[in-house]
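Enquirer: Here's a structure for you.
The values are calculated or read from the model by the stated rules, or taken from the named source; none is laboratory data. The structure presented is a predicted model; accordingly, all values stated were derived computationally and were not measured. Backbone-built Cβ (ideal geometry, glycine too); neighbour counts: all protein chains shown. Accessible surface is based on the protein model in full, side chains and every heavy atom, while ligands, DNA and RNA are left aside. Shrake-Rupley method; radii C 1.70, N 1.55, O 1.52, S 1.80 Å.
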Amino acid sequence: MRTIEQHAQALAEGTTTSRTLVEDSLARIADPGGEGARAFIKVHSDIARSMADAMDMLRRAGRAPSRYAGIPVGLKDLFDIAGDPTPAGSRALADAPPALVNAPVVQRMLAAGFVPVGRTNMTEFAFSGLGINPHYGTPLSPWDRAAARIPGGSSSGTAVAVADGMVAAALGTDTGGSCRIPAAFCGVVGYKPTARRVPIDGVLPLAPSLDSVGPLAPSVACCVVIDAILAGEAPAVPTAATLAGLRLAVPENFGLDGMDAHVAAAFDRALGVLSKAGAHIARARFTTFDAIPAVNAKGGFASSEAYAWHRALLAEKGPLYDPRIRPRIERGSTQSAADYLDIVAARRRLIAEFNAATREFDALLLPTTPIVPPRIAELENEREYNRLNLLILRNTAVGNFLDRCAISLPCHRPDEPPVGLMLMGETLGDARLFQIAAAVESALA
């Protein structure tokens, strides 16, 4: 994987062209020995080539729209792209009319000159953390491909496309961990911003109360650039924080149960590196975590808000849904308006409580997922599918519920299974979290 900055520098120096980058991207996607056929649902080859040629012409004329113009990227299959339908990884929307306009996040990427090469695969309607898609195939995690392991979801194709160098970076969404989980399982960086910073108009919803749009990319700095563009801000490489004196909390009562040996070893080693660098790591108990399961016992925002969007489509095309996704959406039909209002009120109270409890810390540290990617074959049993899905979503989903920003960084060694280290920052503390993440990334390298 090459970083966005490396590509931008090569373009600026004239040692490569956008057309070269795009042709390499399309060749990797088309490689019959690779995962491109499963990582992408649709490839926009001709459009991407035309855009690349246009960006090369603009750069030669000194009119490139940004330093990053001409770099190939992927877009998750639930973003509206003008002239394209938005099937969201489902057969139920295969005949959907084309979008009339680009989603704002897509438009901002285009305005910066990035070249989308296609729509990346995903869990149907983004409603699972595993990444399995029975309609379009499941792209495999880069680790141990012979064993056919899951990529994580729901931004499955996004993560695999980045990890395999098919694109320099890609856009995902994160409602309960859908950027961070596949990033952890594929050995890349995944970012979930404070949700309100980035518009979700033109993004097929899962649960608007929790949905956010974020990047998956090779490095923290790559994520910083794309996050800024998505938020309508000027991109700038962050100044890494000084690790010495940072106050980092590891929750004692949440997130550490059920870790497999690989995750436990990599997480403990990462804590040791950060502590040796001068960070103050405290084990702390946060009662907020204990209260969240009861609030979401009837399905929470995800089921209720998803059902509100899907109920008409389910009535018309329910048999076309993934049979493991449909029941999760239909569960929302059992919630009353009073149940929903109770969740809204409880969330507001718990956010305030958690803000007060974490005020003395710069960030929280958790394993992104407590296990490494399981084999697809292990998930053929429905009970095991549901058990592992809940376990894999456990650590990440609280960040969405508590309206936080969070990032997953690889913390494993090159010869080890992929393990993600998650840093959770304050609400609207994205800039500070990026500084801390840059320092942690450097220390772990």
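Enquirer: Radius of gyration and Dmax for the range 31-111's Cα atoms, expressed in Å?
Expert: 14.7, 45
Enquirer: Taking the chain as a Gaussian network, Cα atoms linked when under 10 Å apart, which of 57, 122, 422 shows the biggest mean-square fluctuation?
Expert: Maximum fluctuation in the GNM of the chain, among the listed residues, is at 57.
Enquirer: Name the residue, out of 361, 40, 301, whose mean-square fluctuation peaks in a Gaussian network model built on the chain with Cα pairs under 10 Å.
Expert: Fluctuation is largest for 361.
Enquirer: Still on this model: About its Cα centre, what dipole magnitude does the chain give when the only charges are +1 on Lys and Arg Cβ and -1 on Asp and Glu Cβ, stated in debye to the nearest 20?
Expert: Working: 43 positive and 45 negative charges, 74 e Å.
About 360 debye.
Enquirer: In a shell of Cβ-Cβ distance under 15 Å around residue 363, excluding residue 363 itself, what net charge do Lys and Arg (+1) and Asp and Glu (-1) give? Don't skip to the end; give the middle numbers.
Expert: Working: positive: 180, 192, 247, 283, 359, 404, 432; negative: 360, 362, 426, 430, 441.
Charge balance near residue 363 sits at +2.
Enquirer: Quick one: Debye curve from the alpha-carbon atoms of the range 1-50 only, equal weights, vacuum; give me log10 I(q)/I(0) at q = 0.16, 0.19, 0.20, 0.33 Å⁻¹ to two decimals.
Expert: -0.53, -0.71, -0.77, -1.17
Enquirer: If you count, for each residue, the other Cβ atoms within 10 Å and average over each peptide, how do 431-443, 232-244 line up from highest to lowest? Don't skip to the answer; put the middle values down first.
Expert: Working: 431-443: 21.4, 232-244: 14.5.
For the peptides 431-443, 232-244, the packing ranking is 431-443, 232-244.
Enquirer: If you don't mind, there's one more thing I want to ask. Below 11 angstrom from the Cβ of residue 219, what's the summed charge of the other residues (Lys, Arg +1; Asp, Glu -1)?
Expert: Combined, the nearby Lys, Arg, Asp and Glu give -1.
Enquirer: Leaving out ligands and nucleic acids, and using a 1.4 Å probe, what accessible area per residue does the range 348-445 come to in Å²?
Expert: That works out to 39 Å² per residue.
Enquirer: Please state the charge dipole magnitude for the range 262-361, taken about the Cα centre, from unit charges on C-beta atoms (+1 on K and R, -1 on D and E), reported in debye and rounded to the nearest 20. Present the calculation step by step, with values, prior to reporting the outcome.
Expert: Details: 15 positive and 10 negative charges, 39 e Å.
Once rounded to the nearest 20, the dipole reads 180 debye.
Enquirer: Keeping every protein chain present and rolling a 1.4 Å probe, give me the accessible area per residue for the range 61-155 in Å².
Expert: Details: 2760 Å² over 95 residues.
Accessible area per residue, the range 61-155: 29 Å².
Enquirer: On to the next question. Just how large is the dipole of the range 354-445 about the Cα centre, in debye to the nearest 20, putting +1 at every Lys and Arg Cβ and -1 at every Asp and Glu Cβ? Could you put the intermediate results ahead of the total?
Expert: Values: 8 positive and 12 negative charges, 27 e Å.
The dipole magnitude comes to about 140 debye.
Enquirer: What's the Cα-based Rg to Rh of the range 361-419, Rh via Kirkwood? Please list the in-between numbers first.
Expert: Values: Rg = 13.7 Å, Rh = 13.3 Å.
With Rh from the inverse mean 1/r over Cα pairs, Rg/Rh is 1.03.
Enquirer: So for the range 49-89, what are the equivalent ellipsoid semi-axes in whole Å, largest first, each being the square root of 5 times an eigenvalue of the Cα gyration tensor? Please report the intermediate quantities before stating the final value.
Expert: Details: eigenvalues 146, 20, 12 Å².
Calculated on Cα positions only, the semi-axes equal 27, 10, 8 Å.
Enquirer: Ignoring any ligand, DNA or RNA, what whole percent of the accessible area of the range 88-167 comes from carbon and sulfur when the probe is 1.4 angstrom? All intermediate terms of the calculation are to be shown ahead of the outcome.
Expert: On the way: 1230 of 2050 Å².
C and S atoms contribute 60 percent here.
Enquirer: Report the net charge of residues surrounding residue 422, where surrounding means a beta-carbon distance below 14 angstrom and charges are Lys +1, Arg +1, Asp -1, Glu -1.
Expert: Numbers: positive: 180, 192, 394, 404; negative: 174, 441.
Net charge in that neighbourhood comes out at +2.
Enquirer: Right, next: Using r as the Cβ-Cβ distance of residue 416 and residue 233, and R0 as 22 Å, what FRET efficiency do you calculate, to the nearest 0.05?
Expert: On the way: r = 36 Å, r/R0 = 1.62.
Efficiency for this residue pair is about 0.05.
Enquirer: Now, a different point. Which of the lysines could a cross-linker bridge to residue 76, judged by Cα under 16 Å and excluding same-chain residues fewer than eight apart?
Expert: Within the straight-line limit of under 16 Å, residue 76 reaches these lysines: 42, 192.
Enquirer: Hey, any idea what % of the range 190-314's accessible area is carbon plus sulfur with a 1.4 Å probe? Display every interim value, and only then the final one.
Expert: On the way: 2680 of 4830 Å².
Its accessible area is 55 percent carbon and sulfur atoms.
Enquirer: Calculated from DSSP H runs of 4 or more alone, at -39500 (n - 2.57) each and per residue, what is the 222 nm mean residue ellipticity of the chain, nearest 500? Don't jump to the answer; show the numbers that get you there.
Expert: On the way: 15 runs with 181 residues, N = 445.
Using -39500 (n - 2.57) per qualifying helix, the result is -12500 deg cm²/dmol.
Enquirer: Just the number, please: carbon plus sulfur as a percent of the accessible area of the range 354-416, 1.4 Å probe, no ligands or DNA/RNA counted.
Expert: Numbers: 1150 of 2470 Å².
Percent of accessible area from carbon and sulfur atoms in the range 354-416: 47.
Enquirer: How much accessible surface does residue 109 have with a 1.4 Å probe, in Å² rounded to 10?
Expert: Rounded to the nearest 10, the figure is 10 Å².
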